[in-house]
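Everything below concerns the one structure shown next.
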Amino acid sequence: MKLAVIGTGYVGLVTGACFANLGNDVVCVDKDKARLLLLNKRQVPFYEPGLPELVAKNITAGRLRFSSDIAAASKKAEVIFIAVGTPPQADGQADITAVAEVAKSIARALKGVKKFKVIVNKSTVPVGMGDFVTKVLTDNRVPEKYFSVVSNPEFLREGSAISDFLNPDRIVIGASNSRAFNVITELYRSLKAHIIFTSVKSAELIKYASNAFLATKISFINEIANICERVGSDVSEVAYAVGMDKRIGREFLNAGLGYGGSCLPKDVSALIHVAREAGYDPKILASVNEVNEYQIDAFIGKISKTLKTLRGRTIAVLGLAFKPETDDLREAPSIKVIKALVKGGVKIRAYDPAAERPARKILPEIDFCSGVYDAIEGADAIVFITEWPEFRDIDLIKARKLVKQPYLFDGRNIYDPKRMREAGFKYIGVGR
């Protein structure tokens, strides 16, 4: 099929590259000329394993192109994906400005075009956006017989987005008519995945509900971790046993600094706003956010209490991205931890395998190091924030000799406390 994907962020670029790799003719559209210049040079402007190779492969094959001309791309495409950002506003509500602008541009482009188009909301949007986009088109005199708006939420995880796209748990298609449903079903046919057909509004809520549930599991196990610390239990042992229950499952039961990134924080906040706008006070979701914010404050408190004084200390921070295998710093716990420590008079030496470049713009006041041992040399404490695989296998004997003082704060519980203490470290984890 001929596809247009509007937006070349994580979702848009992965979607466009993967659909091109499945044999479709894809044009990815963005108004950011600098980003388009990079992409046309086969350079991906963010870190996602395997994506640069996939983009280059499909550019070479002639199946993937990049453009700033949304009108031309919309006119030629059979299916138009809207994949632009919906960042949170101050009150938690999703900012739909970009989606609205794209919808208006598509409407102007399709005026007078008499070929059926399917317009797909791939962006995470509040319930009712399908109706909103439909109204934008009809207000611009695009007859409804020539288009249908579909909700097709994405469930991509940064760091494994390509695999998630090509091997999905399920594909959700929210459509109001069988013609649009059949078009999108055909598009995904080669993936041989379980397809769920819903109303547009149900599909819009499914993405929010999925992310809110995952966030709830994280905050729940962090709540248990806080209880463990007070009663002398180990949350790692508790979580392992609880997760063996098939009704609960092991995933997202890792206690630590809580969730970050571009999805869970904003989607929980957006769902809270949706609920309150509809006249319902979502008490569980409000508590999920509250526990998540508390985790970072409690962790900073442990560092301050253990070291007794922060001013004049040197602390090595290992891991900046909100999770491994990405350079994304949106809502990353590292930002809040580092800013609090710097405010207290701490000198920070940081290392992250992928996130140094974006971090330099956000944290210009800290020193960036070339590796783990470079960062920890002469440090009064080591703080682990992101569970990058390479951090699990450091030489503990070498590390103990390099540090000035042996305090090790494990914000992701990636180490065995007994092993750390045997190596001479004073270990402080979460819920242990």
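No lab work stands behind these numbers, since they all come straight from the coordinates. In this text, all values refer to a predicted model and were calculated from it rather than measured experimentally. All Cβ positions, even for glycine, are placed from backbone atoms using ideal geometry, and neighbour counts span all protein chains on display.
For segment 199-432, what is the convex hull (Cα atoms) projected area averaged across all directions, in square nanometres?
14.2
Provide the three semi-axes, in whole Å and in decreasing order, of the ellipsoid equivalent to segment 165-219 as defined by the square roots of 5 times the Cα gyration tensor eigenvalues. Show your work: numbers first, answer last.
Details: eigenvalues 113, 47, 6 Å².
After scaling each eigenvalue by five and taking roots: 24, 15, 6 Å.
Using only DSSP helix segments of four residues or longer, with each worth -39500 (n - 2.57), what per-residue ellipticity at 222 nm results for the chain after dividing by its residue count and rounding to 500?
-14000 deg cm²/dmol
Please compute the length gained on full extension between Thr309 and Asp245, using 0.36 nm multiplied by the number of residues separating them and subtracting their Cα-Cα distance. Write out the running numbers ahead of the final one.
On the way: separation 64, 0.36 × 64 = 23.04 nm, distance 4.34 nm.
Length difference between fully extended and current span is 18.7 nm.
Measure off 7 Å from each Cα along the Cα-to-Cβ vector at Lys76 and Lys302, then give the distance between these two points in nanometres to one decimal.
For Lys76 paired with Lys302, the spin-label model returns 5.4 nm.
Pairs Lys246/Lys336; Lys343/Lys418; Lys207/Lys305; Lys104/Lys207: which exceed 29 Å Cα-Cα? Can you show the working numbers first?
Values: Lys246/Lys336 35 Å; Lys343/Lys418 32 Å; Lys207/Lys305 40 Å; Lys104/Lys207 24 Å.
Listed pairs above 29 Å: Lys246/Lys336; Lys343/Lys418; Lys207/Lys305.
Could you check the spin-label model distance between Phe197 and Lys2? Points 7 Å from the Cα along Cα→Cβ, value in nm.
2.7
To the nearest 0.05, what FRET efficiency results for Lys347 and Asp169 with a Förster distance of 56 Å applied to their C-beta separation? Write down the numbers at each step before the final one.
On the way: r = 45 Å, r/R0 = 0.80.
Calculated transfer efficiency: 0.80.
Please give me the summed charge of the neighbours of Ala107: other residues whose Cβ is under 14 Å from its Cβ, Lys and Arg +1, Asp and Glu -1.
Here the charged neighbours net out to +4.
At 7 Å along the Cα-to-beta-carbon direction for both Ala209 and Lys111, put a label point, then send me their distance in nm to one decimal.
Modelled inter-label distance: 3.9 nm.
Does segment 2-198 classify as rounded, prolate or oblate by the C-alpha gyration tensor (a ≥ b ≥ c root eigenvalues; a/c under 1.5 gives rounded; else a/b over b/c gives prolate, otherwise oblate)?
Details: a/c = 1.33, a/b = 1.26, b/c = 1.05.
Verdict is rounded for segment 2-198.
List every residue whose amide H lies under 5 Å from the amide H of Val5, counting only residues 5 or more places away in sequence or on a different chain, with H placed 1.01 Å from N in the peptide plane.
Val27, Cys28, Val29, Phe81
To the nearest 20 debye, what charge dipole does the chain have about its Cα centre, counting +1 at the Cβ of each Lys and Arg and -1 at the Cβ of each Asp and Glu?
Here the size comes out at about 780 debye.
If a/c stays under 1.5 just call it rounded; otherwise compare a/b with b/c (prolate if a/b is bigger, oblate if not). Do that for segment 1-78, with a ≥ b ≥ c from the square roots of the Cα gyration tensor eigenvalues. Write down the numbers at each step before the final one.
Numbers: a/c = 1.71, a/b = 1.17, b/c = 1.46.
Note, shape of segment 1-78 comes out oblate.
Take each complete run of DSSP H in the chain, measure how far its Cα atoms stretch along the helix's own axis, and keep only those covering 18 Å or more with mean Kyte-Doolittle hydropathy at least -1.0; list them. Walk me through the intermediate numbers first.
On the way: long enough: 97-110 (20 Å, 0.88); 200-231 (47 Å, 0.44); 264-277 (19 Å, 0.22); 283-307 (36 Å, 0.15).
For the chain, where a helix must reach 18 Å along its axis and average at least -1.0, the hits are 97-110, 200-231, 264-277, 283-307.
Along the positive direction of the dipole of the chain (beta-carbon charges: Lys, Arg +1; Asp, Glu -1; about the Cα centre), which of Ile338, Tyr373, Asn58 reaches farthest?
Asn58
Let me have the relative contact order for the chain, percent, based on Cα pairs under 8 Å that are six or more residues apart.
RCO, the chain: 12 percent.
Put +1 on the Cβ of every Lys and Arg and -1 on every Asp and Glu Cβ in the chain; which of Ala20, Ala94, Ala203 then has its Cα farthest towards the positive end of the dipole?
Result: Ala20.
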